[in-house]
Structures are given as C-alpha cells and as structure tokens.
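Asker: Pasting in a structure now, in structure tokens, and then I'll have a few things to ask.
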Amino acid sequence: LPGVTFGYFEDGVLRGAAELRDMGHGNEDGQAHDGEAAFSIENEWRGKGIGSLLFRKIITAARNRHMRRLYTSCLAYNRSMQALARKFKADLTFETDEVLGVLEAPDATAATQFSEALEDATGFATAVLDLQRRWFNPFHGFSLFNPARPS
C-alpha cells in the first residue's frame, strides 16, 4: 500500500506534515498491517494543536487501511513528540538516544471511512478553488487601498 501524507497549510504555506507508511508486517490472517507515522511541524507553529490534528488524521487513515499497530519514533530529547504520542495513548519505550511509540489502532468503522472520504473531497475542492483563485484572478494582489495602484 502506498503512503498517505497530510499537510497543514497557513496562508498557502506548508507549516506541518504527517506521513503514514505501511510497514508490510501483517498478522497471520493477512488482513491487518503495521504502519509507521512521521511528523514534522515548524518550530514556530508547535504548541498550536497542529500535531494533534495531524495525529488524529493519521490514526483515522491507519484504521481505514486495516493497520492494527502504529509506530512512531523520535529522538530522546524531543519531549513535544513524546507528549503528543502519550496524548494518543501510545506506549513509549526509551532507548539510548531514541524513543519508540506504539499505538494500537481500533478497527475501521463506517464513520471513520466516511469522515476520511469527506475530508479528502473537501481538501481537494479547497485546493482546486485556491488554485483557480491564484491563477485566474486578474485582481489577485490588487487593493483599492494600495497607494501605488494605477489610476
């Protein structure tokens, strides 16, 4: 299965991202898989709930892809990532310079599948409208209050 990536944008600029990758470790019935989650939030944007928002999306995506276990790792000094993993009930194992988090994901439901599909459709529509606004708006960047505007 291919990976899934989510981004958090503010004013068209990517400020945070999360990626879910299938690790290819299924259980004996071949249905469930293990997944790995990775997160990156710009320093100035941490502590604003972006990590929690992205983590919820990752968990929903993992559930909908029949991933039973979700792994994440960070450096031992990354206390904010450890707190985020704990918030979502991950079991943390500390090693010399790294922390491994393991989260058991519940089964998918019709609600989680519908929620992800709706968010995908909404995100796509928003991106298309934003692109249209940026490419085809002849007044983009033009302001009536701009003293340098042509008369």
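The values are calculated or read from the model by the stated rules, or taken from the named source; none is laboratory data. Worth saying up front: this structure is predicted, and the values here are computed from it rather than measured. All Cβ positions, glycine included, derive from the backbone under ideal geometry; neighbour counts span all protein chains shown. Accessible surface is based on the protein model in full, side chains and every heavy atom, while ligands, DNA and RNA are left aside. Shrake-Rupley method; radii C 1.70, N 1.55, O 1.52, S 1.80 Å.
Asker: Can you go through 19, 44 and tell me which one is assigned to a strand (DSSP E or B), at pLDDT 90 or above and open to solvent by 50 Å² or more (accessible area, probe 1.4 Å)? Walk me through how you get there before you give the answer.
Answerer: Values: 44 fails: assigned to a strand (DSSP E or B).
Answer to the check: 19.
Asker: Taking the conditions exactly as written (loosely packed, with under 12 Cβ neighbours inside 10 Å and of a type in the set (Ser, Thr, Tyr)), does residue 60 satisfy them or not? Break it down stepwise before answering.
Answerer: Numbers: loosely packed, with under 12 Cβ neighbours inside 10 Å: no; of a type in the set (Ser, Thr, Tyr): yes.
Taking the combined requirement at face value, the residue does not satisfy it.
Asker: In the set 77, 8, which member is in a strand (DSSP E or B) and of a type in the set (Phe, Trp, Tyr)? Give the derivation first.
Answerer: Numbers: 77 fails: in a strand (DSSP E or B).
It is 8.
Asker: Sticking with this one: Which of the residues spanning segment 75-108 are open to solvent by 60 Å² or more (accessible area, probe 1.4 Å) and among the β-branched types (Val, Ile, Thr)?
Answerer: Hits for segment 75-108 are 93, 96.
Asker: Looking at residue 49, is it surrounded by fewer than 19 Cβ atoms within 10 Å (Cβ to Cβ), of a type outside the set (S, T, N, Q) and at pLDDT below 90?
Answerer: Working: surrounded by fewer than 19 Cβ atoms within 10 Å (Cβ to Cβ): yes; of a type outside the set (S, T, N, Q): yes; at pLDDT below 90: no.
Judged against the criteria, residue 49 is not a match.
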